[in-house]
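Engineer: One structure, pasted below without further comment.
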Amino acid sequence: MDNLSTADTVDGAIETRGIEPVPDHERHGRVRELFPTWVAANISVLLLTMGAALVVFNQLNFWQVLIVAACAAAISFGMVGVISVSGKWGGAPGATLSRATFGVRGNLFPGAILWIARFGWETINAVTGAYAVLTVLDLLFGIKSNTALIVVTLFLFVACTFLVSGMGRKALNVCNTWSTYLFGIFSVLVLGYLIVHIHWSEVFSKHAGTTAMMIAGVGTIAAGGISWVPTGPDFARYLPHATSGKKIAGVTVSGAGLVMVPMVLMGAVMAVASPGLAQASDPVSFLGDLLPTWLAVPYLLTAIVGMLLINSLSMYSAGFTAQTMGVKLPRAMAVSINAVISLVGGLMLMLVAKSFLGSFITFLILLAVSFSAWIGVYAVDMFRRRTRAVRYDAAALMDTTRTSRYWYKGGYCWQAMVSWVLALALGLAFTKCDWFAGPFSSTPIGKYGLAWAATIVISAAIMAVLPAPRENTSGTAEVSADAKAEQAESTEQPVTV
């Protein structure tokens, strides 16, 4: 009877489980459930705008855009798939598993960076969703955008995102599956319309751009996928231990690629008909000009649902990050912090910022670098754990006292911290964007937009050459009477630095 009750709680509409590892008897997930998750994570009209930017700004032709989109999907979500394997190893969110890599206290620092970056991504998606709603209102009822309507629209979009993300994994899986079907149907209709009405001679007569611009384009498109890498384990933690890691990676890449490649290509084709698309004041209204109302409205409505789900997935994982950092709230309540920040940031972007696309591209560049430093360190730690009988100690992941297996020295794994700090600093030094230019941004790495790739390589290389960290397997290191009392009182008490 107890097991049945537990199962009902886990499989119900509202997920109550937080950052604690999922017990083996509750792991009933299937790999195919990841497919609609990663399809839904890419249902965004921003991919259309980014595809247009590859034509307008990078001066690429159709075939180059195809190569860029395919490479970006394979590289970014290939990393998501590989890192997701650690989720089925440890049964915990990426933010929790990261304690084993950086140490109980050390994990707070990269976690804070990832959490802040997540705010920005959720804000961008919330703004795009709000713009889509405003465009639909204009197309259907002729209601023009104004300050009051912007505030109301953005508030409603963020509120809906909060409600859906708070429901948990099972509810998200159901929503993702249906949105995949609907968006797929209308995307095919849009593609068919473009095939009939676009002047294809103009599309295929465009001259090829430079290799440097192709490489830079891969980084720009891949940045969105890279931002999902640390949260990949969150959606694989309910998979049984026997699940194939290759299948996890394959389903992740195929699900994301199914949406990314066609969307980016459609944006590139649309840019031929409307070169001003990539420079529009908002990333959505151009659809009302390029498509007939009978097609633009339902397509935008399904895209709105898709963007709502993207933000819900992001907030779902952000709640875990908040709990890991010591926010003493249930996951659903922790998500509310992100919702408030998304609302405030979205209002600034819609009412104050002069260029949405410029702000978005700059954000993507910084986002990729900030996440890449974590990826390199975590990947090396995963590689070292692959042959262990017990890859992650569930009890130790939840133990934030000095007795924890992952306490290392003073709560920090110095090898991981050194690798992460140096890689992040060097990665920013290679970065160039509207807000600043690093001292090495004029090098080929900077010119080709490869700061994110260099950051991954640097962090992984440093982590690999440093001595392998030694975990506290004895359970006696640095134990004091106070620490024992603290552990007895709570094995999940927040750590203050």
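The values are calculated or read from the model by the stated rules, or taken from the named source; none is laboratory data. This structure is a prediction, so every number in the text was calculated from the model and none was measured. When we count neighbours, we look across all protein chains shown, and the Cβ atoms used for this are built from the backbone with ideal geometry, even at glycine. SASA here: full protein model, heavy atoms, side chains in, ligands and nucleic acids out. Shrake-Rupley method; radii C 1.70, N 1.55, O 1.52, S 1.80 Å.
Engineer: Quick check: anything in the stretch 448-470 touching a residue at least 60 places away in the same chain (Cβ under 8 Å), of a type in the set (D, E, K, R), closer than 27 Å to residue 104 by Cα and open to solvent by 30 Å² or more (accessible area, probe 1.4 Å)?
Structural biologist: Among the residues of the stretch 448-470, at least one is touching a residue at least 60 places away in the same chain (Cβ under 8 Å), of a type in the set (D, E, K, R), closer than 27 Å to residue 104 by Cα and open to solvent by 30 Å² or more (accessible area, probe 1.4 Å), which makes the answer yes.
Engineer: So if I check each of 255, 224, 209, 217, which one is more than 21 Å from the chain's Cα centre (by Cα) and either at positive phi or open to solvent by less than 70 Å² (accessible area, probe 1.4 Å) (or both)?
Structural biologist: Testing whether each residue is more than 21 Å from the chain's Cα centre (by Cα) and either at positive phi or open to solvent by less than 70 Å² (accessible area, probe 1.4 Å) (or both) leaves just 209.
Engineer: Looking at the structure I just gave you, is residue 406 within 19 Å of residue 99 (Cβ to Cβ), touching a Cys at 6+ places or on another chain (Cβ under 9 Å), open to solvent by less than 80 Å² (accessible area, probe 1.4 Å) and modelled with pLDDT of 90 or more?
Structural biologist: Yes.
Engineer: In the stretch 370-390, how many residues are in contact (Cβ under 8 Å) with a residue 40 or more places away in the chain, open to solvent by 30 Å² or more (accessible area, probe 1.4 Å) and either under 26 Å from residue 118 (Cβ atoms) or among the small types (Gly, Ala, Ser) (or both)? Working first, answer last.
Structural biologist: To start, the set of residues in the stretch 370-390 that are in contact (Cβ under 8 Å) with a residue 40 or more places away in the chain comprises 370-382, 384-385.
Checking the rest, the ones that are also open to solvent by 30 Å² or more (accessible area, probe 1.4 Å) come to 379, 384.
Checking the rest, the ones that are also either under 26 Å from residue 118 (Cβ atoms) or among the small types (Gly, Ala, Ser) (or both) come to 379.
Going through the stretch 370-390 one residue at a time, the tally reaches 1.
Engineer: Would you check if there is a residue in the stretch 353-369 being open to solvent by less than 20 Å² (accessible area, probe 1.4 Å) and at pLDDT 90 or above?
Structural biologist: yes
Engineer: In this structure, is residue 249 modelled with pLDDT under 95 and among the small types (Gly, Ala, Ser)?
Structural biologist: no
Engineer: From the list 276, 319, 326, pick out the single residue that is surrounded by fewer than 20 Cβ atoms within 10 Å (Cβ to Cβ), within 30 Å of residue 108 (Cα to Cα), at pLDDT below 70 and among the small types (Gly, Ala, Ser).
Structural biologist: Result of the check over 276, 319, 326: 326.
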